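J.: Here's a structure for you.
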Amino acid sequence: MMGRLLLLLLISPYLYSLLISTVAQPTKDYHQLRPGAPFKIALFADLHFGEAESTDWGPLQDVNSTRVMCSVLDDENPDFVIYLGDVITANNIAIRNASLYWDQAVSPTRAKGIPWASVFGNHDDAAFEWPIEWFSAPGIPKIHCPVANSSCSGVEDCSFKGTQRLELMKNEIELNALSYSQFGPKELWPSVSNYALQVFSSENPKSPVAFLYFLDSGGGSYPEVISSTQAEWFRKKALEINPDSRVPEIIFWHIPSRAYKKVAPLFGIHKPCVGSINKEKVATQEAETGIMKLLVERVSAKAVFVGHNHGLDWCCPYEKLWLCFARHTGYGGYGNWDRGARIVEITQQPFSIKSWIRMEDGSVHSEVVLSSFINGNKSM
């Protein structure tokens with residue numbers, strides 16, 4: 001029997017219990033998973049809440065996006081949710097406190113009592129873009145502050161000042177007991193969402209089953225890149241918590257690295273790649289500064305998950321690991337492809353990482369085993 005898989009937040013130099021804390025965090029409830037069941041994660045990518053907020057179209061898309069998340073949560077009943085960037089479209093949000101929209105985006109997960117973590121995308125703290133039509137009749141429309149059903153507040157927050165990464169993260173963490181997001185090391189700022197989580201079995205909490213790494217791929221208020229400093233942080237963190245590379249590692253960020261372009265299918269999607277849509281070119285980070293080299297060299301690194309491209313949902317092998325897109329979850333943002341969410345499932349005995357896509361209509365497709373690279377050898 002595998003036992004129950006639980007989660008720990010890794011804050012150097014200590015392991016800090018999130019889901020099973022009893023002394024350090026008495027306010028955190030014990031999170032009990034189904035005995036013998038895998039650890040299931042739902043990825044919500046590119047929700048784009050707040051897009052075109054001054055139009056009739058915009059708020060309706062937020063309602064539709066909420067419906068998608070609720071459908072996936074009902075169908076999959078995940079143990080954990082990851083918001084994979086572009087949670088909001090800050091460049092369309094005319095209020096100072098964009099956390100009001102961020103709060104709406106996480107509300108379906110919070111309402112079901114499911115813990116979550118988030119990483120930033122290129123739109124989450126982008127500068128407000130003044131629509132040119134506002135400078136002709138009838139002028140600037142009335143600004144709406146979405147305070148209803150929100151854990152944030154502030155009518156005074158109606159302005160055009162924008163909300164930066166640190167403030168967005170601060171509001172999420174402080175206002176949500178179920179959020180396990182972190183600011184990340186100060187030396188990496190303005191790159192903020194850099195941290196690690198540990199999945200472990202309740203039968204043996206000292207023996208981790210998998211490590212989850214979260215990296216901020218930039219964009220918005222600074223360049224779209226995972227810096228060499230972030231890569232060095234990852235290297236040191238991995239050596240600290242997984243020195244012998246014994247424990248499998250899964251990595252999450254928003255904007256694809258340039259390696260994604262190298263493995264992108266040219267026409268359609270053919271084996272060994274797995275997916276259902278391949279409708280656009282990969283939009284990559286501005287530079288590659290070392291993170292992919294580190295991942296390729298670690299036999300414990302099994303898969304990378306990104307969002308950003310709404311018209312891509314494939315997984316393809318690259319060297320010794322898998323490179324995967326999520327599925328466009330939100331109705332905000334470009335593209336009319338059907339919405340859904342990528343699911344990641346970790347099983348302990350025998351160890352496996354499986355993934356599939358759950359659509360808004362309840363259908364499932366594109367199942368793939370991502371633990372099929374063992375010690376660098378492909379077994380499919």
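J.: For the pairs K206/K271; K112/K170; K271/K302; K112/K279; K279/K302; K186/K261, flag any whose C-alpha to C-alpha distance is greater than 27 Å.
T.: In this structure, K206/K271; K112/K279; K186/K261 exceed 27 Å between Cα atoms.
J.: While we're on this one: Using R₀ = 22 Å, calculate the FRET efficiency as 1/(1 + (r/R₀)^6) where r is the Cβ-Cβ separation of L266 and N64; round to 0.05.
T.: On the way: r = 32 Å, r/R0 = 1.47.
Approximately 0.10, to the nearest 0.05.
J.: Still on this structure, I have one more. Run the numbers on the range 273-372 and let me know its relative contact order in percent, using alpha-carbon pairs under 8 Å that are six or more apart.
T.: Working: 172 pairs, mean separation 22.7, N = 100.
23 percent.
J.: What does the extension gain come out to for D361 and K186, with contour length at 0.36 nm per residue minus their alpha carbon separation? Write down the numbers at each step before the final one.
T.: Numbers: separation 175, 0.36 × 175 = 63.00 nm, distance 4.20 nm.
Full-extension gain reported as 58.8 nm.
J.: List the relative contact order of the range 190-253 as a percent without decimals, with contacts defined as Cα pairs under 8 Å and 6+ residues apart.
T.: On the way: 78 pairs, mean separation 22.7, N = 64.
Reported relative contact order: 35 percent.
J.: Please list, in order, the residues from the range 71-111 whose amide nitrogen is less than 14 Å from a point placed 7 Å along the Cα→Cβ vector of A177.
T.: Answer for this model: 110-111.
J.: Ignoring ligands and nucleic acids, what accessible area does C273 show with a 1.4 Å probe (Å², nearest 10)?
T.: Roughly 20 Å² of C273 is accessible to a 1.4 Å probe.
J.: Would the range 317-367 count as rounded, prolate or oblate if I go by the C-alpha gyration tensor, calling it rounded below 1.5 in a/c and otherwise prolate when a/b exceeds b/c, oblate otherwise? Spell out each step's value before the answer.
T.: On the way: a/c = 3.11, a/b = 1.69, b/c = 1.83.
The shape class here is oblate.
J.: At 1.4 Å probe size, what's the solvent-accessible area of E240? Round to the nearest 10 Å².
T.: It works out to around 90 Å².
J.: Then there is this: Would you tell me the accessible area of S107, worked out with a 1.4 angstrom probe on the heavy atoms of the protein chains, in Å² to the nearest 10?
T.: 30
The values are calculated or read from the model by the stated rules, or taken from the named source; none is laboratory data. Everything numeric here is computed off the predicted structure, so don't read it as measured data. Virtual Cβ from ideal backbone geometry, glycine too; neighbours counted across all protein chains shown. Surface areas here come from the heavy atoms of the whole protein model, side chains and all, with no ligands, DNA or RNA. Shrake-Rupley method; radii C 1.70, N 1.55, O 1.52, S 1.80 Å.
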